[in-house]
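Below is one structure, written out as structure tokens; comments come after it.
The values are calculated or read from the model by the stated rules, or taken from the named source; none is laboratory data. Predicted model, so just to flag it, every value in this text is computed and none were measured. Because the Cβ atoms are built from the backbone with ideal geometry, glycine has one as well, and the counts that use them run over all protein chains shown. To get the accessible areas, we keep the full protein, side chains included, count just its heavy atoms, and leave off ligands, DNA and RNA. Shrake-Rupley method; radii C 1.70, N 1.55, O 1.52, S 1.80 Å.
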Amino acid sequence: MATAIEVQTAHGSGHGQADAHDHAEHPPTSTGLDHRKLLMWAFLASDCMFFGSLIATYMTYRGRSEELQMPPYPSEIFDIPYTSVSAFVLLMSSLTMVLALAAIQKGNVRGLRIWLTATALLGAVFVGGQFFEFTAFYHEGLSLQTNMFGASFYVLTGFHGAHVTIGIIWLLSLVFVSLRGGFAAKDSLTIEIAGLYWHFVDIVWIVIFTLVYLIPYEEVEGGEAVHEAGQMLSTIGGQFAAIGGLW
Amino acid sequence: MATIAYPSPHAQAQVVARPKPKTSGLWSWLTTVDHKRIGILYGASAFMFFLIAGLEALIIRSQLVRPENSLVGDQRYNELFTMHGTTMIFLAIMPLGSAFFNYIVPLQIGARDVAFPRLNAFSYWVFLAGGLILNASWIANAVPDQGWYGYAPLTSKIFSKGANVDYWALGLQVLGIASIAASLNFIVTIINMRAPGMTMMRVPIFTWATLIVSILIVMAFPAITIGLALLSFDRFTGTDFYVAFNVAADGQIISAAGGDPLLWQHLFWVFGHPEVYILILPAFGIVSEIIPVFSRKPLFGYAVMVYAIAAIAFLGFGVWVHHMFTTGLGPTPNAVFAGSTMLIAIPTGVKILNWTATMWGGSLRFTTPMLFAVGLVSQFTIGGLSGVMHAVVPVDTQHNDSYFVVAHFHYVLFGGSIFALFGGIYYWWPKFTGRMLDERLGKLHFWLQFIGFNMAFFPMHFLGLQGMPRRYSSYGAESGWWFWNVVATVGAFLIAAGILVFLMNAARSFKDGEKAPDNPWDAPTLEWAVPSPPPVYNFREVPLVTHRDPLWIEKYGAEGHHAEQEVDVTIAGKKIGEGEAPDEEPAEQATHRLEHSDEPNIHLPNPSYYPLLAAIGIFLAAMGLLVYNPAIAIGALELPAISVLGILVMVTGIYGWSLEPAS
């Protein structure tokens, strides 16, 4: 009785035997997924936990400044139309990222450069918007040390802003490499992986924008217990989100 | 059907035009990307830290040998137990596990290296940087003194004015980077680089443990990273994440600050409890390799063992509040977490049962590795049982902060992890070094350590129940605790004698140990199919795996799977031919080929110094904050100059790394 043995190739059936030698650096993988892509997925699962912990911290201290009457409060200084526009800009950058990937998959290096640059620019508009937002809040009296809202807000959104900034540097580095003639259609995976990161950072902003800006804080009777439960729930929720992300 | 060496078009030996990199000298070690060398680096560094932390433990035990002793002062005592715990957990047990992951896992799955060899080198150098930062505190005389759990508000500027806590926080932060990078690498390696035919349910159990531990690290470390980052914000920028009250210099409360010290405990234990499994699961993996080999039977219930590891890891995320039963969260959380904690005893019990059932009816050989493995099974059971006791909230309230808890976690981490890690060292030593360790000295080491360990830690159960509190530098003569403390101290020195015997054994093995054959224990997994020590490319040809325990199937056959059986070999679903079992066993094949061919030109990744450069950058960035000097601060924000330099070095390293050819 013969047992079948499956020997998988590097990129599933997408690549024939003919170009196997061009891909000497990418030995076959057990799943057919590229190592770097799997690495990025695993990293994003981990990053969910980073954001999860920070969001849990923010939710724990939500309303604490109001209770202790330590202004400024979020309701006083948030400019939701302004932040909505910059959130929209960031979401649009996901579209240009998709277009960049589509371009290189067709071998269109020029299109790749245009859309990558556009994505980086939109990202820069978002980070610039965040910089002006932080400056405005600072002038309205909200610093990192003012109250729990200031501390947890700046650290959470600043951590996200740092992610976007790293993404911009990454995208511009890719543009630079493509100018030196480093890309062809077969390298589209490099762009796809940068795209995974970029889309993830966008999706996280949807969560942060909703939780931090859109859902207003209301004082509840027996607030202590609600906080404890919320803190525990958000930590557990963060874990499930992260585990879901990995599998 | 046995393992057959299948010449895949990709894995085939490739001719390389460039000269071979040098394989000796300091520079070759600094730039190495070979998983075996990195494993040795991890092992050697971790063992050094193990000795340092052991020395700290001996000083602690010497201080407690009689009432009102004054060998060390209160402050020094705080520093000693803090550094003992932190060093043992983060710089000894975890990296000793990493040493085995690095050396053994690629060999067990039939791979030539890990998925990202340079990332692997980076992980090691960052780990070393973290260890150096933590221990640099001894030189700066600002040794962490707040306990390994670093509870707020003790860590706040109000109560810890010096840089002690900062060394601890930044050291752990840097170690976290290393752990997460290494774990991402091993997740990809194990999922993606298994030899053809090695399905997930044919993966050796140690590799399974590595995979699950890596997932745990990747999921659990972010919580402590954020926790430590918030702590650093509190300490460096004056935020109040863990500060409930603003306090005046005379200790008077001025006003509410709004922070919550309990948040630290949540973030810490959401990491800290999975961390316990990060420390013990590699040990379980090692023991699951050793016991079948020396029982001459396949592991009992392989699949259940895999599910049990996964279940322990999953449940491990839902039990953290059992570290916080005395913080007053209320009956509902306490009851829920007591339940989940008891639940975790089930998969753990399954493992104990399966090891016992593996030994049942086997032809047992009590070699040194087997003694250490059985040591884990017995002692971990004791530690596990006292763990279940702690799950009962009223009992925990009594045990909390007493020596009973100290006894419990030493039975788990020393009686469990350290015993298994020594078992692993004895078991794989021939593969690492090509030489055998002396069995007589090995057994002497085991018995000294076994008796010493039980003398040192079993009496702590009694001491705890008599009310002796943890972390106190002395006790009064009237307490009645003297006798058992003397017994514990004698036990600690017996352990030290055991470790000295091990060092002697190792030195003798290096000097004139018996040469090790490829497979001295007649073990079933692939790492024993290659020469001892393995050549730099591991496998000349990537093996084809058709069964669990491939070398046993090869040698002894199995029911319905005769060694001469033919198999279909397919690529992407298409049959390309039939394979046949080779006549020689793989080990002989490898030797045969080595003797009858030129140095095989197998494509291997280039050495690289960029990972080291990036790690040096991270080291400088952290040290810059610790030795902050306003005289050399940069710009309006007064950024520490050394940190800025460090970040530049790190960025240079990362760019050099990204732009140099991958292999």
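Give region B:368-410 a look and list any residue that's of a type outside the set (A, V, I, L, M), open to solvent by 30 Å² or more (accessible area, probe 1.4 Å) and closer than 26 Å to B:ASN505 by Cα, or say none. Explain how you work it out, then say what you get.
First, the residues of region B:368-410 that are of a type outside the set (A, V, I, L, M): B:368-369, B:372, B:375, B:378-381, B:383-384, B:386-387, B:390, B:394, B:396-404, B:408-410.
Narrowing the set further to residues that are open to solvent by 30 Å² or more (accessible area, probe 1.4 Å) leaves B:378, B:381, B:394, B:397-398, B:400-401, B:408-410.
Those that are of a type outside the set (A, V, I, L, M), open to solvent by 30 Å² or more (accessible area, probe 1.4 Å) and closer than 26 Å to B:ASN505 by Cα: B:SER378, B:HIS410.
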>> Checking the structure you have, find out if any residue of region B:244-258 is aromatic (Phe, Trp, Tyr) and crowded, with 24+ Cβ neighbours inside 10 Å.
In response: no
> Restricting region A:13-44 to residues that are modelled with pLDDT under 70, in contact with a Ser or Thr (Cβ under 8 Å, 6 or more places away or on another chain) and surrounded by 15 or more Cβ atoms within 10 Å (Cβ to Cβ), which is farthest from the other protein chains (Cβ to nearest Cβ)?
Replying inline: A:HIS15
>> Looking at region B:343-369, I want the residues that are touching a residue at least 40 places away in the same chain (Cβ under 8 Å) and have a partner that is basic (Lys, Arg) and part of a loop (DSSP other than H, G, I, E, B) with Cβ atoms under 7 Å, at least 6 apart or on another chain. Which pairs are those?
In response: B:THR358/B:LYS297; B:GLY362/B:ARG296; B:GLY362/B:LYS297; B:SER363/B:ARG296
> Among the residues of region B:279-316 satisfying the criterion of being in contact (Cβ under 8 Å) with a residue 40 or more places away in the chain and within 14 Å of chain A (Cβ to nearest Cβ), which is most open to solvent (accessible area, probe 1.4 Å)?
Replying inline: B:ALA310
> Does B:GLY176 count as in a helix (DSSP H, G or I), under 24 Å from B:GLU275 (Cα atoms), without any contact (Cβ under 8 Å) to a residue 60 or more places away in the chain and not hydrophobic (A, V, I, L, M, F, W, C)?
Replying inline: yes
> Are any residues in region B:502-538 buried (at least 21 other Cβ atoms within 10 Å of the Cβ) and under 27 Å from B:MET455 (Cβ atoms), and if so, which ones?
Replying inline: B:PHE502, B:ASN505
> Taking B:ALA338 and the conditions (1) without any contact (Cβ under 8 Å) to a residue 40 or more places away in the chain; (2) in a helix (DSSP H, G or I); (3) of a type in the set (Gly, Ala, Ser), which numbered condition does it fall short on, given that it satisfies the others?
Replying inline: (1)
> Would you pick out the residues in region B:193-219 that are open to solvent by less than 10 Å² (accessible area, probe 1.4 Å), within 8 Å of another protein chain (Cβ to nearest Cβ) and either under 21 Å from B:GLY424 (Cα atoms) or modelled with pLDDT of 95 or more (or both)?
Replying inline: B:VAL218, B:MET219
>> Residue under question is A:ILE206, and the condition is that it be modelled with pLDDT of 90 or more, surrounded by fewer than 16 Cβ atoms within 10 Å (Cβ to Cβ) and assigned to a helix (DSSP H, G or I); does it hold?
In response: yes
>> Tell me whether region B:122-132 contains one or more residues that are among the small types (Gly, Ala, Ser), open to solvent by less than 20 Å² (accessible area, probe 1.4 Å), within 14 Å of chain A (Cβ to nearest Cβ) and outside any helix (DSSP H, G or I).
In response: no
> Which ones in region B:630-653 are farther than 20 Å from B:THR237 by Cβ and among the hydroxyl-bearing types (Ser, Thr, Tyr)?
Replying inline: B:THR652
>> Just the residues that are over 26 Å from A:ASP187 (Cα atoms) and among the polar types (S, T, N, Q), please, taken from region B:608-663.
In response: B:ASN629, B:SER643
> Across region B:64-83, what is the number of residues that are surrounded by fewer than 20 Cβ atoms within 10 Å (Cβ to Cβ) and either out of contact with any Asp or Glu (no Cβ under 7 Å at 6 or more places or on another chain) or farther than 19 Å from B:SER474 by Cβ (or both)?
Replying inline: 11
> If you scan region B:476-501, which residues turn out to be part of a loop (DSSP other than H, G, I, E, B) and surrounded by 20 or more Cβ atoms within 10 Å (Cβ to Cβ)?
Replying inline: B:TRP481
> Somewhere in region A:96-116, is a residue among the polar types (S, T, N, Q), surrounded by fewer than 18 Cβ atoms within 10 Å (Cβ to Cβ) and modelled with pLDDT of 95 or more?
Replying inline: no
>> Restricting to region A:143-167, and then to whatever is facing chain B (nearest Cβ under 8 Å) and either charged (D, E, K, R) or open to solvent by 10 Å² or more (accessible area, probe 1.4 Å) (or both), can you tell me which residue is nearest to the chain's Cα centre (by Cα)?
In response: A:VAL155
> Can you tell me which residues in region A:122-133 are hydrophobic (A, V, I, L, M, F, W, C) and surrounded by fewer than 17 Cβ atoms within 10 Å (Cβ to Cβ)?
Replying inline: A:VAL125, A:PHE131, A:PHE132
